[in-house]
Amino acid sequence: MNHKNNFDALRLFAAFNVLLQHAAYLQVPWPRPLPVLVAYTSGVPIFFIISGFLITGTFFRHDGDVLAYLRNRCLRIYPALWLNLAIVVALLVAFGALPIGSLLSPEFLRYWTVILATGSDSLANWLLAPYPFAWNEALPFLPTAALWTIVLEVGFYLLVPLIFLPPIMRRRWASLAVVLAVTLYSHHLANVATTEEVANPLFYFWFFGIGSIASLLWPRIDRLFRGKFILWALLYAEMIALVGDQNGIVYAHLTLQSTTLTILLACCVISAAFTWTNLSKLLAGNDISYGIYLHHVPVVMVLHAYGWQGFPAAAVLIVTTTIAAIMTWLAIEQPAMRFKTHSARKPSTSADGKCPDQLESLARAVR
C-alpha cells in the first residue's frame with residue numbers, strides 16, 4: 001500500500017488560513033478573491049477533519065492501547081504549546097499587562113496552570129475568577145486567540161477511547177455506527193447550543209467525526225477520492241456558487257447549506273491528501289503547521305503594539321511566524337516526537353474480517 005499523502009501540506013495550508021484570518025487585526029487590504037477563498041477553506045474545520053481521519057487511524061494502529069495513545073498525543077500537543085505560553089507570559093510582562101512580581105502569586109499560578117493544561121483562557125475564566133491583567137493599548141487582550149481549539153482537540157483525544165471501546169473496536173460496523181451516532185448528536189448540539197462561554201468538544205466533534213467516518217470507511221471509499229481532487233474541488237466550487245456568499249460557511253446556526261458545504265469541504269480535504277502525493281516530498285517530512293498556528297497571534301500582537309499595519313505588517317507576520325515555527329519544529333517538536341511509543345503489535349483482524357491497521361499505518365505523523 002502506498003502510504004504517501006499530503007496531510008502535512010494540508011495542515012500547513014490550514015495554519016496559514018488561520019494566520020490570514022487573524023491578520024485582519026492588522027488591517028491588511030487583501031484583494032477581494034483572497035478573503036472569499038479563506039472563508040471557504042477555513043483552517044479550523046480542516047484541522048478537525050484531518051485530525052478525525054488520522055487520530056482514528058493511530059488509535060486503531062495501537063490496537064486500542066490507551067496509555068500509548070495518550071502519551072503520544074501529549075508529546076505532540078504540549079511541548080510546543082508550553083513554549084508558546086512562555087512567550088505569551090514574556091509579552092504580558094514586557095508590555096506591562098502582568099507585573100513580574102505576580103508571576104509566583106497563587107492566583108496567577110492557579111490560573112496559568114489551567115491554561116497550561118488546556119490552552120484555554122475561557123476555561124480558566126470559567127473555573128476560576130478571571131485574572132486581573134492590566135490590559136492597555138499595546139496589549140488589549142491575552143494573545144492566545146488561536147488556542148481555543150486546543151482544549152477541543154484534547155477533548156477529541158479523550159473521547160476517542162470512550163467511543164472505540166474494545167468490544168466495539170473488534171467490529172468495524174460497530175465502530176462506524178457508534179462514531180456516526182456521536183457525530184449526529186454533536187451536530188444536533190451545535191445546532192441548539194445557546195452558550196459560547198466555554199468551548200465544549202461535543203459541540204465541535206461533528207467535524208472530527210466526519211474525518212473519523214472517512215477513516216473507518218477508507219478501504220471501501222479510497223477509489224472515490226484518490227487522485228480526484230480537481231473533481232471534488234469543482235463540485236465544491238459549484239455548490240458555493242449556487243448557495244454561498246462572500247461570508248463563507250456560517251457555523252453560528254447550522255443549516256442544510258452549511259452542513260452540505262462542510263461535508264464537501266471534507267471531501268476536498270481527503271481527496272487532496274491523496275492526489276499529487278509527490279508534493280509531500282517538498283516538506284521533506286517536516287511539519288511546521290502547529291508552530292504556525294501557535295506563534296502567529298503573539299506576532300500579530302507585537303506588530304499591533306508598535307503600530308504596524310497593512311502589507312508590510314503582513315509580510316513581517318508571515319516571515320517571522322514561519323521562522324519561529326521552523327525553530328520550534330527543529331528544537332522542540334521533532335525531539336519530543338522521538339519519545340513517542342510505536343506499536344510493536346501485529347495488525348489485528350476484526351470480527352468482520354477487516355484489518356484495522358490497513359488504514360491506520362497512514363497516520364505516521366498525526367498532529
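The values are calculated or read from the model by the stated rules, or taken from the named source; none is laboratory data. The shown structure was predicted, so the numbers you read here are calculated from the model rather than taken from an experiment. With ideal geometry, Cβ positions are generated from the backbone for all residues, glycine too; neighbour counts draw on all protein chains shown.
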Of the residues in segment 51-75, those that are not in a helix (DSSP H, G or I) and not small (Gly, Ala, Ser) number 3
Within segment 96-107, residues being surrounded by 15 or more Cβ atoms within 10 Å (Cβ to Cβ) and more than 23 Å from ILE150 (Cβ to Cβ) number 1
Residue set TRP308, TRP329; condition assigned to a helix (DSSP H, G or I) and either within 21 Å of the chain's Cα centre (by Cα) or at pLDDT 95 or above (or both); output residue TRP329
- Query: Among the residues of segment 288-301, is there at least one that is surrounded by 24 or more Cβ atoms within 10 Å (Cβ to Cβ), more than 20 Å from LEU234 (Cα to Cα), among the small types (Gly, Ala, Ser) and touching a helix residue (DSSP H, G or I) at 6+ places or on another chain (Cβ under 7 Å)?
  - Reply: yes
Listed by first then second residue, the pairs whose first member lies in segment 154-166 and is closer than 16 Å to HIS62 by Cα, whose partner is not in a helix (DSSP H, G or I), with beta carbons under 7 Å and at least 6 positions apart or on separate chains, are PHE164/GLY64; PRO166/GLY64
Original post:
Are any of the residues in segment 125-145 assigned to a helix (DSSP H, G or I), touching a Pro at 6+ places or on another chain (Cβ under 8 Å), surrounded by 18 or more Cβ atoms within 10 Å (Cβ to Cβ) and of a type outside the set (D, E, K, R)?
Top reply: no
Does ALA80 fit the bill of being at pLDDT 95 or above, assigned to a helix (DSSP H, G or I), under 30 Å from LEU330 (Cα atoms) and in contact with an Asp or Glu (Cβ under 6 Å, 6 or more places away or on another chain)? yes
Practice prompt. Please work out if ARG110 is surrounded by fewer than 18 Cβ atoms within 10 Å (Cβ to Cβ) and modelled with pLDDT under 95.
Written response: no
Scanning segment 110-134 residue by residue, those aliphatic (A, V, I, L, M) and closer than 21 Å to ILE77 by Cα turn out to be VAL114, ILE115, LEU116, ALA117, LEU123, ALA124
Filter segment 307-320 for residues that are of a type outside the set (Gly, Ala, Ser) and touching a residue at least 60 places away in the same chain (Cβ under 8 Å); the one that is nearest to TYR25 (Cα to Cα) is GLN309
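Being part of a helix (DSSP H, G or I), within 23 Å of LEU180 (Cα to Cα) and modelled with pLDDT of 95 or more: is that true of ALA266 here?
On the way: part of a helix (DSSP H, G or I): yes; within 23 Å of LEU180 (Cα to Cα): yes; modelled with pLDDT of 95 or more: yes.
So ALA266 fits the description; yes.
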How many residues of segment 103-130 are farther than 21 Å from VAL154 by Cβ and touching a residue at least 24 places away in the same chain (Cβ under 8 Å)? The answer is 1
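Could you please let me know if ARG73 is at pLDDT 95 or above, of a type in the set (Lys, Arg) and touching a helix residue (DSSP H, G or I) at 6+ places or on another chain (Cβ under 7 Å)?
When the stated conditions are applied, ARG73 passes them.
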Going through (1) out of contact with any helix residue (DSSP H, G or I) (no Cβ under 6 Å at 6 or more places or on another chain); (2) in a loop (DSSP other than H, G, I, E, B) one by one, VAL154 fails only at (2)
Turns out the helices (runs of 4 or more DSSP H) fully within segment 169-256 with at least 3 residues that are in contact (Cβ under 8 Å) with a residue 60 or more places away in the chain, surrounded by 13 or more Cβ atoms within 10 Å (Cβ to Cβ) and not β-branched (Val, Ile, Thr) are 172-192, 201-225
Of the residues in segment 41-69, those that are crowded, with 18+ Cβ neighbours inside 10 Å and more than 14 Å from the chain's Cα centre (by Cα) number 11
Meets criteria (within 20 Å of PRO335 (Cβ to Cβ) and of a type in the set (Gly, Ala, Ser)) for ALA117:
no
Among the residues of segment 276-285, is any at pLDDT below 95, within 25 Å of ARG73 (Cα to Cα) and in contact with a helix residue (DSSP H, G or I) (Cβ under 6 Å, 6 or more places away or on another chain)?
yes
